[in-house]
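Okay, so here's the structure we're looking at.
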Amino acid sequence: MVREAGVQLICRQCGSEFILTKAEQEFYELKGFKLPTRCKECRSAKQTKTQSLTCSQCGTELDKAKSNYCANCLQTAHFELEKENKQVKMAASAARSKLEASESRRAEFAEMLRQKEQELAELEQKVATLTEDLDKAQQFYAASGWLQPVLTEIEKRLEALERAQHEITYKVLETIRVMQERYDSLGVVDVIKRNLKQSVKEEV
């Protein structure tokens with residue numbers, strides 16, 4: 001029903017009649033909006049309900065301008081975040097310590113490897129020197145092989161001379177012993193010397 005002051009409508013939500021003034025009609029037409037189908041009270045209630053928020057954690061009603069969490073849930077979330085952040089820092093610190101220890105061990109292993117490589121190089125040098133000396137010795141032995149029979153003969157003659165010397169020494173000592181036994185009672189030194197010289201000449 002259209003009136004001079006406005007239009008009468010029925011609210012589709014509560015069923016009551018409400019008047020939409022001429023100024024309101026012009027406003028809706030100017031904005032390009034459709035005419036409202038709810039009364040002012042139902043529209044206000046719907047707008048209030050739409051604007052109201054609840055805590056995402058516990059469901060407590062919140063002001064739109066504030067956080068999506070109530071104070072208690074926000075404090076709990078902050079505490080959990082701090083706890084998680086602390087755990088992350090501790091894990092990072094432990095990982096850093098392990099990394100530093102690993103770097104230290106790697107440096108120790110590198111130093112040990114360097115020392116072993118140096119020892120190996122020295123050992124290889126010694127082996128090379130010994131191999132060279134062995135080659136020289138083999139070459140010398142091969143070159144001086146013709147001397148071996150001569151050296152063997154000389155060794156035999158030296159052994160014969162040593163045996164002869166031992167025999168002569170034994171005979172001289174035996175002669176001295178006999179002479180001492182023979183002339184101990186006489187005490188004639190000159191006779192002993194003369195007989196000793198004669199005995200040595202005979203042996204030679």
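Brief remarks on what is shown
- In this structure, R114 and Q139 have a Cβ-Cβ separation that, at R0 = 35 Å, corresponds to a calculated FRET efficiency of about 0.40.
- Full-extension gain in nm, R43 to E82, via 0.36 nm per residue minus C-alpha separation: 9.7 nm
- Neighbour-count ranking [beta-carbon atoms within 10 angstrom, fewest first] of L20, L9, L123: L123, L9, L20
- Among C39, C14, C73, the order by Cβ neighbours within 10 angstrom, fewest to most, reads C14, C73, C39.
- Between Q13 and C39, the built amide H atoms are under 5 Å apart, and every one of these is 5 or more places off in sequence or on another chain.
- Length gained on full extension, E122 to K171, computed as 0.36 nm times the residue gap minus the Cα-Cα distance: 11.6 nm.
None of the figures in this text is laboratory data; all of them are computed from the coordinates on show. Because the structure is predicted, anything quoted here is derived from the model rather than measured. For neighbour counting, all protein chains shown are included, and Cβ atoms are generated from backbone atoms with ideal geometry for every residue, glycine included.
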